[in-house]
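Step one of this worksheet: look at the structure below.
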Amino acid sequence: MPQSNLKVRPTTDFAKEGLFNVLVNKIDFEEIIVLDLFSGTGGISYEFVSRGVAQVHLVEKNHNNFSGIKKIIRELELPNIKPIHIDVAAYLKTCNIKYNLIFADPPYDLTWIEELPDLVFNANILTDDGLFILEHSANQNFSNKPFFLEMRRYGEVHFSFFQTSI
């Protein structure tokens, strides 16, 4: 499905499988609202919806990526995915919705990736028992951040998990 004009680095199938194997033991998919930040092609959002998530809001700034996501949502008739065309930092400043799970897959070279956990928690958009998952490279270590829970590695893909009610 990814098109050659899309600027993305999709999460590998191996990493997605590992991630969802962890999540199936932590959450009830049917009961949650998910926020997918830096959506790229929307692959993670589609994975959540395929597991019965009630609603997914995905945020993608790149116009070509966003157009591709909207096309797939129409073609697959996925009314429980709401695409939002905005910069992630701007969305975090204006959002007033509470999410049970927030997933972020920023570009690995994002200059403010170290600030992302703080921005998410300062936005106060995660439910009390909510989970924030940040995908990142081996070059980053978020274990010193508030609410850090654990880090999981799947090949070159790393997921740092954060939760306020540790």
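Of note:
- The conditions of being charged (D, E, K, R), closer than 21 Å to A15 by Cβ and under 15 Å from the mean Cα position of the chain (by Cα) are not met by D109.
- Residue within region 114-121 that is outside any helix (DSSP H, G or I), in contact with a strand residue (DSSP E or B) (Cβ under 9 Å, 6 or more places away or on another chain) and under 14 Å from L37 (Cα atoms) present: no
- Failed condition for I125, given (1) modelled with pLDDT of 95 or more; (2) over 15 Å from the mean Cα position of the chain (by Cα): (2)
- Test: G40 is at positive phi, crowded, with 18+ Cβ neighbours inside 10 Å and small (G, A, S): yes
- Selected residue (only one of I81, I86, I69, I97 is closer than 17 Å to L131 by Cα and within 17 Å of the chain's Cα centre (by Cα)): I97
- Candidates in region 25-37 are the residues that are within 23 Å of R153 (Cβ to Cβ) and touching a residue at least 24 places away in the same chain (Cβ under 8 Å); of these, the one that is surrounded by the fewest Cβ atoms within 10 Å (Cβ to Cβ) is K26.
- Candidate set: region 110-166, residues that are closer than 23 Å to V56 by Cβ and among the β-branched types (V, I, T); chosen: the one surrounded by the most Cβ atoms within 10 Å (Cβ to Cβ): V120
- Residues satisfying the criterion are present in region 135-145 (criterion: closer than 23 Å to N65 by Cα, part of a loop (DSSP other than H, G, I, E, B) and touching a strand residue (DSSP E or B) at 6+ places or on another chain (Cβ under 9 Å)).
- Cross-chain or 6+ apart pairs with Cβ under 6 Å, region 127-148 first and among the β-branched types (V, I, T), then assigned to a strand (DSSP E or B): T127/N100; I133/F103; I133/F159; I133/F161
- Test result for L126, within 17 Å of I33 (Cα to Cα) and in contact with a Ser or Thr (Cβ under 8 Å, 6 or more places away or on another chain): yes
Every residue, every condition in (1) at pLDDT 95 or above; (2) of a type in the set (S, T, N, Q); (3) within 17 Å of the chain's Cα centre (by Cα), yes or no:
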| site | (1), (2), (3) |
| --- | --- |
| Y91 | yes, no, yes |
| N139 | no, yes, no |
| F142 | yes, no, yes |
| E156 | no, no, no |
| S160 | yes, yes, yes |
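The values are calculated or read from the model by the stated rules, or taken from the named source; none is laboratory data. As the structure is a prediction and not an experimental result, all values here were calculated from the model. Here Cβ is always computed from backbone atoms with ideal geometry, including for glycine, and neighbour counts include all displayed protein chains.
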